[in-house]
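What follows is a set of notes on a single structure, which appears directly below.
The values are calculated or read from the model by the stated rules, or taken from the named source; none is laboratory data. Being a predicted model, the structure only gives us computed values, none of them experimental. All Cβ positions, even for glycine, are placed from backbone atoms using ideal geometry, and neighbour counts span all protein chains on display. Side chains included, ligands, DNA and RNA excluded: accessible areas come from the protein's heavy atoms. Shrake-Rupley method; radii C 1.70, N 1.55, O 1.52, S 1.80 Å.
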Amino acid sequence: MLVYDLKRRSEFGTLQQHEGALPPGHRTLHGHRPSHIGACATGTVTCAEFWGGTHLLTGSEDKTIVVWRAKDWAALHTLRGHKCASAAARPRGLPNSRRSVCREKLVALAIPPSGKLSLASDSSGTLYLWNLSTAKCVFRHRTPESSALRWSPDGQAYLSVHNDQVELST
């Protein structure tokens with residue numbers, strides 16, 4: 001994911017899981033890293049949401065959420081706890097390369113106006129509610145896969161988009 005400085009109209013850096021060959025003057029901002037446990041071994045950013053102009057949350061294929069401080073692009077927290085639904089079906093004792101591949105990834109993020117919570121949805125259809133103050137997942141709920149999540153302006157309700165339906169929850 002490229003990060004741009006709009007005031008200077010230039011590219012600032014890249015959010016990625018490992019260092020690659022970058023043009024001179026570019027920075028790699030580390031946060032999502034490959035998982036070396038199990039088969040969920042990629043950190044490609046799949047969704048992002050700004051909050052208040054001060055923070056950015058990114059979700060990725062490694063099923064983590066990274067909280068970034070936008071002022072200096074420091075990775076403040078990594079939220080882990082999104083379980084790979086196929087992990088329980090993996091036979092024990094097999095090398096990681098022979099286990100079934102985790103295909104779920106985070107697909108949508110939303111932060112209410114208070115900035116105290118975050119909703120995250122993965123491709124298995126699980127909705128997660130995170131307390132950003134404690135970095136803990138406080139609620140999980142199975143739903144159809146949500147391609148988009150949005151909070152209401154007052155933070156009392158959220159909507160999720162499932163295929164051709166919009167669901168409003170309070």
Residue in the stretch 91-110 that is in contact with a strand residue (DSSP E or B) (Cβ under 7 Å, 6 or more places away or on another chain), over 15 Å from E145 (Cβ atoms) and modelled with pLDDT of 80 or more present: no
Strands (runs of 3 or more DSSP E) wholly inside the stretch 119-170 containing at least 1 residues that are loosely packed, with under 13 Cβ neighbours inside 10 Å and under 16 Å from the mean Cα position of the chain (by Cα): 136-142
Complete set of residues in the stretch 63-90 that are under 15 Å from L106 (Cβ atoms), among the aliphatic types (A, V, I, L, M) and at pLDDT 65 or above: I65, V66, V67, L79
Subset tally (residues that are at pLDDT 80 or above, open to solvent by 20 Å² or more (accessible area, probe 1.4 Å) and of a type outside the set (S, T, Y)) for the stretch 30-60: 8
